[in-house]
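One structure is given here, and the rest of the page talks about it.
Just so it is clear, none of the values below were taken in a lab; they were calculated from the coordinates. Nothing here was measured: the structure is a model prediction, and the numbers come from that model. Positions of Cβ are generated from backbone atoms using ideal geometry, with glycine treated the same way; all protein chains shown enter the neighbour counts.
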Amino acid sequence: MSVDIEPLTLDDDNFPASLKNRRVAPIPTRLWAIGNLKILDRRLVGFFCSMQCPGNIILKTYDLVMGLRDAGIPIVSGFQSPMEKECLDLLLRGQQSIVICPARSLQNLQLPSTWRHALHQKRLLIVSPFEKRHRRATAELAERRNRLVASFASEVFVAYAGPGTKTERLCLELIEDQICVYVIDAPDNAHLIAQGAVPIRP
């Protein structure tokens, strides 16, 4: 199945309204998308997890993500860290909508068969603000991508954000902006809970 990459500019009628009204800057002036853009009209839950995730949080995150999947709640994420990738596999087995934001250009992006199946079902959107020259993900692009994810999301679930990481810094910015940030209720997330994140138990 061939896929079409749709370019979007800030002046286009179908440019995501959530980006024009959100608090996370800078707002990208161009996007490239594959899939169902109407998914962005729904309330999305953003999902983040640091590259390293404590073992006591992993199983709880699986349980929570499967609960979100079975409840049909749409999820937006970069799905780049190991924990995020594992959770994407779980989500693709459901029927809810998913938004994937790669930290690279969509040009020549290899789409797994599970992604293609979800695209065929019109429950997947892949969207990126990065031009063709950005062929590989970098730490800088990942940070910009995470802000895009946060802009799309109405609320955020953070499995784990290590102290001093860029993920933690973004979470604290969202909390300061009065965006609801949920975290797994575990001692390893105490630093986020102390700053206003909402602890939850799967």
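Summary of values
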quantity: GLN178/ILE200 FRET efficiency (R0 25 Å; Cβ-Cβ; nearest 0.05); calculated: 0.90
quantity: Label-point gap, in nm, between THR114 and ARG43 - each point 7 angstrom along Cα→Cβ; calculated: 2.7 nm
quantity: 14 Å beta-carbon shell around ASN36, net charge (K/R +1, D/E -1); calculated: +2
quantity: Residue-by-residue Karplus 3J(HN,Hα) for region 124-129, coefficients 6.51, -1.76, 1.60, Hz, glycine and proline x; calculated: 10, 10, 10, 9, 8, x
quantity: Listed peptides 28-40, 187-199 by packing density, highest first (mean Cβ within 10 Å); calculated: 28-40, 187-199
quantity: Whole-Hz ³J(HN,Hα) from phi, Karplus 6.51 cos²θ - 1.76 cosθ + 1.60, for region 148-159, glycine and proline x; calculated: 5, 4, 4, 5, 6, 7, 7, 8, 10, 10, 10, 5
quantity: Label-point separation in nm, THR29 to ASP12, each point 7 Å along Cα→Cβ; calculated: 1.6 nm
quantity: In degrees, nearest ten, helix 55-70 long axis to first principal axis of the chain (Cα); calculated: 50 degrees
quantity: Extension gain from LYS20 to ASP4, taking 0.36 nm per residue of separation minus the Cα-Cα distance; calculated: 3.3 nm
quantity: Derived scalar couplings ³J(HN,Hα) [region 29-43; Karplus, 6.51 cos²θ - 1.76 cosθ + 1.60; whole Hz; x for Gly, Pro]; calculated: 8, 9, 9, 10, 9, 10, x, 8, 5, 5, 4, 5, 7, 8, 6
quantity: Rg to Rh, two decimals, where region 112-197 supplies the alpha carbon set and Rh follows Kirkwood; calculated: 1.04
quantity: Placed amide H near TYR182: partners under 5 Å, 5+ positions off or other chain; calculated: VAL156, PHE157, VAL158, VAL198
quantity: C-alpha center-to-center spacing [region 104-144, region 46-73] in angstrom; calculated: 21 Å
quantity: Most positive-pole-ward Cα, TRP32, ILE100, CYS171, against dipole of the chain from beta carbon charges; calculated: TRP32
quantity: Positive-end residue, the chain charge dipole about Cα centroid, Cβ charges, pick of ILE193, THR114, SER18; calculated: THR114
quantity: R0 of 25 Å, Cβ-Cβ distance ARG144-TYR62: FRET efficiency to nearest 0.05; calculated: 0.35
quantity: Length gained when the stretch LYS132-ASP89 is fully extended (0.36 nm per residue, less Cα-Cα span); calculated: 12.8 nm
quantity: Cα long-axis angle, helix 82-91 against the chain (0 to 90 degrees, to the nearest 10); calculated: 70 degrees
quantity: The chain - mean residue ellipticity at 222 nm from DSSP helices (-39,500 (n - 2.57) per run, n ≥ 4, rounded to 500); calculated: -10000 deg cm²/dmol
quantity: Region 98-202: GluC sites (Glu not before Pro) in DSSP coil with no more than 16 other Cβ atoms inside 10 Å; calculated: GLU131
quantity: Listed peptides 49-56, 71-78 by packing density, highest first (mean Cβ within 10 Å); calculated: 71-78, 49-56
